[in-house]
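Colleague: Here it is, the structure, as structure tokens.
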Amino acid sequence: QVQLVESGGGLVQAGGSLRLSCAASGSMFSINTMGWYRQAPGKQRELVAVITSVGSKNYADSVKGRFTISRDNAKDTVYLQMNSLKPEDTAVYYCALRQGSSNYWGQGTQVTVSS
């Protein structure tokens, strides 16, 4: 089993920045993919950004150039630096980890961007 604990959400004005962190613990494989998804009210959960254990990254088109995903394998932690935030970025952000055939989710952290 793997546990994911997110931190760093909050309220910010449009144009501002936030940094999310997600620390993983438990039975970690050396090869895995960690990332962030988000879900706005009334919408489906969507991918924001993911990063593999060897550093390959993938971003949603809506966040390219504004968000940066990174990870520290020694700490089993993934980060999401969010710059130039927009009101449409408002959502609950979920940390995710995929290893083998298993998927794990964090409890979610609220990000609210005011206009």
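The values are calculated or read from the model by the stated rules, or taken from the named source; none is laboratory data. Keep in mind the model is a prediction, meaning the values are calculated, not measured. In this analysis, Cβ positions are derived from the backbone assuming ideal geometry, glycine residues included, and neighbour counts consider all displayed protein chains. SASA here: full protein model, heavy atoms, side chains in, ligands and nucleic acids out. Shrake-Rupley method; radii C 1.70, N 1.55, O 1.52, S 1.80 Å.
Colleague: Return the percentage of antiparallel bridges among DSSP beta bridges fully within the chain, rounded to the nearest 5 %.
Modeller: 90
Colleague: In percent, what relative contact order does the chain have, based on Cα pairs under 8 Å that are 6 or more apart in sequence?
Modeller: The value is 36 percent.
Colleague: Just to check I understand the Karplus step: with θ = phi - 60° and J = 6.51 cos²θ - 1.76 cosθ + 1.60, what whole-Hz values come out for the stretch 82-93, glycine and proline as x?
Modeller: In residue order, the calculated couplings are 10, 10, 6, 5, 10, x, 6, 7, 4, 4, 8, 9 Hz.
Colleague: Add +1 for every Lys or Arg and -1 for every Asp or Glu among the other residues with Cβ under 11 Å from the Cβ of Q81, and state the total.
Modeller: Combined, the nearby Lys, Arg, Asp and Glu give +2.
Colleague: Could you report the chain's accessible area per residue, 1.4 Å probe, as an integer in Å²?
Modeller: Here the residues of the chain average 53 Å² of exposed surface.
Colleague: Give the carbon-plus-sulfur fraction of the accessible surface of the chain in %, rounded to a whole number; probe 1.4 Å, heavy atoms of protein chains only.
Modeller: That share works out to 48 percent.
Colleague: Run the quick spin-label model on I31 and Q110: label points 7 Å from Cα toward the beta carbon, then report their separation in nm to one decimal.
Modeller: Once both label points are built, they end up 4.1 nm from each other.
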